[in-house]
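Worksheet: the structure to be examined is printed underneath.
The values are calculated or read from the model by the stated rules, or taken from the named source; none is laboratory data. The structure displayed is predicted, hence computed values, not measured ones. Positions of Cβ are backbone-derived with ideal geometry, glycine not excepted, and every protein chain shown enters the neighbour counts.
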Number of protein chains: 2
Amino acid sequence: MPVAAKTTLMSKNGFMRATVLHAPRDIRLDDVATPQLMTDTDAIVKVVAACVCGSDLWPYRGINEVKQATRIGHEFVGIVEQVGSAVASVKPGDFVIAPFTYSDNTCPLCKRGVHTSCPIGGFWGNKDRDGNMVDGGQGELVRVPLADGTLVSTYSQPDQELIPHLLCLSDVFPTGHHAAMSAGVTAGSTVAVVGDGAVGLSAVLAAKRLGAAKVVAMSRHADRQQVAREFGADEIIAERGKEGAQMVRELLDGIGADFVLECVGTKDSMNQAVQCARPGGRIGYVGVPHDVELNVPSMFRRNLGIAGGVAPVRNYLDELLPEVLSGALKPGRVFDLVLPLDKVADAYRAMDERTSIKSMLEV
Amino acid sequence: MPVAAKTTLMSKNGFMRATVLHAPRDIRLDDVATPQLMTDTDAIVKVVAACVCGSDLWPYRGINEVKQATRIGHEFVGIVEQVGSAVASVKPGDFVIAPFTYSDNTCPLCKRGVHTSCPIGGFWGNKDRDGNMVDGGQGELVRVPLADGTLVSTYSQPDQELIPHLLCLSDVFPTGHHAAMSAGVTAGSTVAVVGDGAVGLSAVLAAKRLGAAKVVAMSRHADRQQVAREFGADEIIAERGKEGAQMVRELLDGIGADFVLECVGTKDSMNQAVQCARPGGRIGYVGVPHDVELNVPSMFRRNLGIAGGVAPVRNYLDELLPEVLSGALKPGRVFDLVLPLDKVADAYRAMDERTSIKSMLEV
């Protein structure tokens, strides 16, 4: 069933509803000003679905300081409502995927696939290059800067059942994919995935998609183990740390994994990743690093390499979108909780308390 | 003029001459026991030429502790004198290159190209798996463990003028090549090389050989700048640190280098390398790390990757040797001082005082 392009009933008297983080664990759906086009390269997108990211939990938990009430969310798909006069690649009515950073897609860094370093790009919920606030993605409407460079249209209206899979393209699946691409996963290789959050699970799927012969998912939780299996994991290891790494080495030719995908971002998870890699192995890391250390002399002796970072989602969409539209790639299984937008506080709580792997919000 | 296979006059009364480091800056050519075959996989090689490595200077300078008189040197070429009964790939009279680690070339790690992690391999001048001392490479004769896996024969006797180039294959050129391979240098790319020692200069040559469009060598010394130019460097930057990195960025599309080859191994040189890389760039590191730190959050934001380590020379010889034998690849230009073996102390002093880029010893 195609998604209907609804008329905009959500903007009432210049207000719409959007998620605002007021303080740690105090998240609300507030009435905020309806966004307006600010430049001729902007678009306004009516959000169809958004979701909560593991990285949203850092400020939610107060680990990243919350200085003031702040708009939040950076994963959404929706329908173009309005475009600036210079926007050529999307038009009102188009169903679009918004990568979790906006970018011009034309500068030297975008051309090299590093859209996250686009000098005029930026993040949802932060100020743009002109000092104007950009909306968070967990709301009814979003002003999209650099719409031509940022938004990717599906061209036709997707069926409802495709929405979760398309929503995954805004961040979580390309982030898992980025771990695999940064590590350089090759066909026939062995892969260990550290982290069983939605990104880690996506990394399992990404590694199998790239042809990995054996993927070991490291997970202690039955629900996540199940998704890992569905995504193609060949082995599950519940142990962590040195013990888990020892089991990975035993499973993989006695030497460890050709590629390790680090999808957490803590000192412990990085140590675990390093211990899982065989000499000459490569670690792809996409967990936002918190207190991460690397022992360079140890890496040197073992010829380890590490690459990754904040995923340049836009760079991967031209390749991934057709596979989602055709049904060949189904990353949306990571959503195990779907709520209406006004239940956003429940969506955060469920992820905070780990009763949900990843929460989707229908708008 | 082919190298003559001399008769062994060097072994007198069971002694030969070999380099021994007695204490910091106290290096001597001593009479030591002539090596004997210890297992049926050993070979004895009569050294034709050896050389001094930048890494030899760490113990020479006392930065790495010298606990007792120790054999030293790990780069040599020579002629096979004797082989154990199980040795099949080389025979007496063969001219051979010895990589700076020995390895079996058949185990799972060697098969994956990480010969430096071969579980039964090791380093010259250290104990072997059976607890027997292995000779250093700066001497008249060397017992070579795992001869089949370690030694690479040129099949015919090389001309004298090829010796320096062949000697470079034992360590210095494949190490520069490993920096480029670990970074993943591609045709048409931009490359910055940090370090103008023999390895850094070799990395310039390796990057050009791999098709880099623009290679920036960072060097303050006229003699080394000259070699860098001869090896194909397109630009030379004498400045170091932040200032040098800023100039690299200005030269390279305003964003920095696609690939940076770190050939020093200090905190300062690694910082310089990180600053020279463009977002999404890759750093290949082969400088033995001393007090090196990596700022992981900064790497994450900029999507930097780093890979490298102790170079698995044996892995590269099948590819590189034919190019040296044909004359297409001439890495030997790094030698600017050639001395007889009994002047080994002068060879070390010249490198220590930086009056020589790299010293070759004729045996």
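Quick notes
- Residues that are closer than 29 Å to B:Glu353 by Cβ and not in a helix (DSSP H, G or I) within the stretch B:314-341 comprise B:Lys330, B:Phe335, B:Asp336, B:Leu337, B:Val338, B:Leu339, B:Pro340, listed in sequence order.
- Against the conditions (1) in the same structural domain as A:Lys111 (by TED's automatic domain parsing); (2) farther than 27 Å from A:Arg28 by Cα; (3) buried (at least 19 other Cβ atoms within 10 Å of the Cβ), A:Glu319 satisfies every one except (3).
- In the stretch A:269-284, residue nearest to the other protein chains (Cβ to nearest Cβ) [restricted to those that are in a strand (DSSP E or B) and crowded, with 24+ Cβ neighbours inside 10 Å]: A:Gly280
- For the residues B:Ala212, B:Ala238, the requirement of being among the hydrophobic types (A, V, I, L, M, F, W, C) and more than 21 Å from B:Arg354 (Cα to Cα) singles out B:Ala212.
- Conditions (1) at pLDDT 95 or above; (2) more than 14 Å from every other protein chain (Cβ to nearest Cβ): number failed by A:Arg354: (1)
- Residue within the stretch A:122-135 that is within 18 Å of the chain's Cα centre (by Cα), away from chain B (no Cβ under 14 Å) and over 20 Å from A:Thr34 (Cβ atoms) present: no
- Tally, over the stretch B:34-63, of residues that are modelled with pLDDT under 95 and assigned to a strand (DSSP E or B): 0
- Out of A:Val90, A:Val20, one residue alone is under 22 Å from A:Glu140 (Cβ atoms), modelled with pLDDT of 95 or more, among the hydrophobic types (A, V, I, L, M, F, W, C) and outside any loop (DSSP other than H, G, I, E, B). It is A:Val20.
- The set of residues from the stretch B:102-117 being crowded, with 24+ Cβ neighbours inside 10 Å and more than 9 Å from chain A (Cβ to nearest Cβ) comprises B:Tyr102, B:Ser103, B:His115.
- Flag for A:Gly241 being in contact with a Cys (Cβ under 8 Å, 6 or more places away or on another chain), touching a residue at least 24 places away in the same chain (Cβ under 8 Å) and on the phi > 0 side of the Ramachandran plot: no
- The stretch B:285-313, subset in a helix (DSSP H, G or I) and either aliphatic (A, V, I, L, M) or more than 7 Å from chain A (Cβ to nearest Cβ) (or both), residue farthest from B:Gly113 (Cα to Cα): B:Ser298
- The lone exception for B:Glu262 - which of (1) under 24 Å from the mean Cα position of the chain (by Cα); (2) farther than 25 Å from B:Asp171 by Cβ; (3) not small (Gly, Ala, Ser) it fails: (2)
- Being outside any loop (DSSP other than H, G, I, E, B), within 21 Å of A:Leu166 (Cα to Cα) and either of a type in the set (Val, Ile, Thr) or away from chain B (no Cβ under 14 Å) (or both) is a property that A:Val96 has.
- From the list A:Ala192, A:Ala179, A:Ala212, the lone residue that is of a type outside the set (Val, Ile, Thr), surrounded by 24 or more Cβ atoms within 10 Å (Cβ to Cβ) and part of a helix (DSSP H, G or I) is A:Ala179.
- Cβ-Cβ under 6 Å pairs, at least 6 apart or on other chains, the stretch B:279-303 side assigned by TED's automatic domain parsing to the domain that holds B:Leu201, far side in a helix (DSSP H, G or I) and of a type in the set (Lys, Arg): B:Pro279/B:Arg302; B:Asp291/B:Lys267; B:Val292/B:Lys267; B:Glu293/B:Lys267
- Scanning the stretch A:324-347 for residues that are in contact with a Lys or Arg (Cβ under 8 Å, 6 or more places away or on another chain) and within 21 Å of A:Gly200 (Cβ to Cβ), we see that the one that is surrounded by the most Cβ atoms within 10 Å (Cβ to Cβ) is A:Val334.
- Filter pass, A:Arg229 being among the charged types (D, E, K, R), surrounded by fewer than 24 Cβ atoms within 10 Å (Cβ to Cβ), under 25 Å from A:Val338 (Cβ atoms) and free of Cβ contacts under 8 Å to residues at least 40 places away in the same chain: yes
- Among the residues making up the stretch A:245-268, a single one is modelled with pLDDT under 95, in a helix (DSSP H, G or I) and more than 10 Å from chain B (Cβ to nearest Cβ): A:Asp268.
- Residue in the stretch B:210-226 that is in contact (Cβ under 8 Å) with a residue 40 or more places away in the chain and hydroxyl-bearing (Ser, Thr, Tyr) present: no
- Test result for B:Leu317, touching a residue at least 24 places away in the same chain (Cβ under 8 Å), more than 9 Å from chain A (Cβ to nearest Cβ), on the phi < 0 side of the Ramachandran plot and of a type outside the set (D, E, K, R): yes
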